[in-house]
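Here the structure comes first, spelled out in structure tokens, and everything after it is commentary.
The values are calculated or read from the model by the stated rules, or taken from the named source; none is laboratory data. Predicted model, so just to flag it, every value in this text is computed and none were measured. Quick reminder, even Gly has a Cβ in these numbers, built from the backbone with ideal geometry, and neighbours come from all protein chains shown. What goes into the accessible areas is simple: the full protein's heavy atoms, side chains included, and nothing from ligands, DNA or RNA. Shrake-Rupley method; radii C 1.70, N 1.55, O 1.52, S 1.80 Å.
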Amino acid sequence: MAKVIVVTSGKGGVGKTTTSAAFAAGLALRGHKTVVIDFDVGLRNLDLVMGCERRVVFDFINVINGDANLNQALIKDKRHDNLFIFPTSQTRDKNALKREGVERVMEELKQQFEYIICDSPAGIEHGAITALYFADSAIIVTNPEVSSVRDSDRIIGILASKSRRAERNEAPVDVHLLLTRYDPARVAKGEMLAVDDVKEILSIPLLGVIPESESVLRASNTGTPVVFDEDSPAGRAYVDAVARYLGEQREMRFVTPERRSFFRALFGRA
Amino acid sequence: MGFFRTLFQPKRNSASIAKERLKIVLAHERASSRAPDFLPTLQRELLAVVGRYVEISDDGIRVTLGSSGGTSTLEINIEIEGGKVKTGGPSGSALSAAV
């Protein structure tokens, strides 16, 4: 049975698109046929992060309106056979994502894919609600920072009341906390909320901690999901998070400050 | 200066301040977001009914749903302006009911 996973946060700029791209690629690397959908109508960016911006011909809205069929709009990733990108439209009509249309497309995607990753827009408006409505699982992307934690709490409440599972009185959407842009050195100095603090405040299970890492910007610069960068701490942390999502036990890495060896410190190599 | 400040003014770290503030604001927001949808309507209708008998202002009514232990309580608090009663009855400054 196909699973729909929404990547959401309430707040903007916390790493939803980076996470959607990394998580989709991570699931594909694990052998699961996965599609990642951009729900941010009018502010399309997943195509850039996935490096397929020049291959977009048809989009989500075209498929909903019947101007193109699903397979014309799906873009097959060049790095992995299991990975597909479903771009959104650049239209300024925010209400172009009609729920019935989205539902029809979702049902069609479920026939073809094991995992459907929905990259939500920021906010709690129509686009964000549509992105989370069909979800079976939710990844709550949160930065260790007050406004992000507050907005995450809000979106967790919305998942519990406005999702299709909530409306139909089915088992609730299973929510997972993904803490991103984590800086263990600043946490050690008491300058940043610690992972346990955020976990305690939001009281949802922790899926992973992604360290603040230069490799994330490098990945988006080049249009490569960060999990493909095997040297990147953030990439490895995402690989761990995907494994945990699939039911594996993995210890949390990158949550304590990195100890620099004497020689490294001496010669300044990070 | 900086030296003396760090010596004599132990600074609470900002992460623990953040945690404390978040706990307080979220406790408040969760309580209000879990209130059922009918409360505003109930409040309006009560205002209309009670307003037929005594003078009350639009913001003189407070309806809250709470729970303690195994029981839920609906608390309705109505302030009567200056104790003015329109059609007889007991004149009080507050009418309170718990269901």
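Restricting attention to segment A:136-143, does a residue exist that is in contact (Cβ under 8 Å) with a residue 60 or more places away in the chain, touching a Ser or Thr at 6+ places or on another chain (Cβ under 6 Å) and assigned to a helix (DSSP H, G or I)?
Checked against the condition, which is being in contact (Cβ under 8 Å) with a residue 60 or more places away in the chain, touching a Ser or Thr at 6+ places or on another chain (Cβ under 6 Å) and assigned to a helix (DSSP H, G or I), segment A:136-143 yields no hits at all.
Go through A:E103, A:E107 for me and flag whichever is part of a helix (DSSP H, G or I), without any contact (Cβ under 8 Å) to a residue 12 or more places away in the chain and more than 30 Å from A:S215 (Cα to Cα).
Checking each option against the conditions leaves just A:E107.
Out of the residues in segment A:133-158 that are in contact with a helix residue (DSSP H, G or I) (Cβ under 6 Å, 6 or more places away or on another chain) and over 29 Å from A:K189 (Cβ atoms), state the one that is nearest to the other protein chains (Cβ to nearest Cβ).
Checking each candidate, the answer is A:G157.
Which one of these is over 23 Å from A:A171 (Cα atoms), hydrophobic (A, V, I, L, M, F, W, C) and not in a loop (DSSP other than H, G, I, E, B): A:V36, A:V41?
A:V36
Take residues that are open to solvent by 50 Å² or more (accessible area, probe 1.4 Å) and within 13 Å of chain B (Cβ to nearest Cβ) and tell me which of the helices (runs of 4 or more DSSP H) falling wholly in segment A:159-228 contain 3 or more.
Qualifying helices (runs of 4 or more DSSP H): A:195-202.
Considering every residue within segment A:72-83, establish whether at least one is closer than 27 Å to A:N143 by Cβ and modelled with pLDDT of 95 or more.
Scanning segment A:72-83, I find at least one residue that is closer than 27 Å to A:N143 by Cβ and modelled with pLDDT of 95 or more, so the answer is yes.
If you go through segment A:187-218, how many residues are touching a strand residue (DSSP E or B) at 6+ places or on another chain (Cβ under 7 Å) and touching a residue at least 24 places away in the same chain (Cβ under 8 Å)?
12
Just a yes or no: is a residue in segment B:6-14 modelled with pLDDT of 80 or more, surrounded by 11 or more Cβ atoms within 10 Å (Cβ to Cβ), out of contact with any strand residue (DSSP E or B) (no Cβ under 7 Å at 6 or more places or on another chain) and within 14 Å of another protein chain (Cβ to nearest Cβ)?
The answer is yes; a qualifying residue exists.
Output the number of residues of segment A:229-267 satisfying the condition of being more than 16 Å from A:G51 (Cβ to Cβ), part of a helix (DSSP H, G or I) and at pLDDT 90 or above.
12
Here is a list of conditions, (1) more than 14 Å from chain A (Cβ to nearest Cβ); (2) modelled with pLDDT of 85 or more, and B:Q43 meets all of them except one; can you say which number that is?
Unmet condition: (2).
Quick one: count up the residues across segment A:59-100 that are closer than 21 Å to A:V4 by Cβ, part of a loop (DSSP other than H, G, I, E, B) and of a type outside the set (A, V, I, L, M).
Going through segment A:59-100 one residue at a time, the tally reaches 9.
Quick one: in segment A:68-102, which of the residues that are open to solvent by 80 Å² or more (accessible area, probe 1.4 Å) and of a type in the set (S, T, N, Q) is nearest to A:K33 (Cα to Cα)?
The qualifying residue nearest to A:K33 (Cα to Cα) is A:N71.
Go through segment B:15-40 residue by residue and tally those that are assigned to a helix (DSSP H, G or I), at the interface with chain A (Cβ under 10 Å from one of its Cβ atoms) and at pLDDT below 75.
Final tally of qualifying residues: 1.
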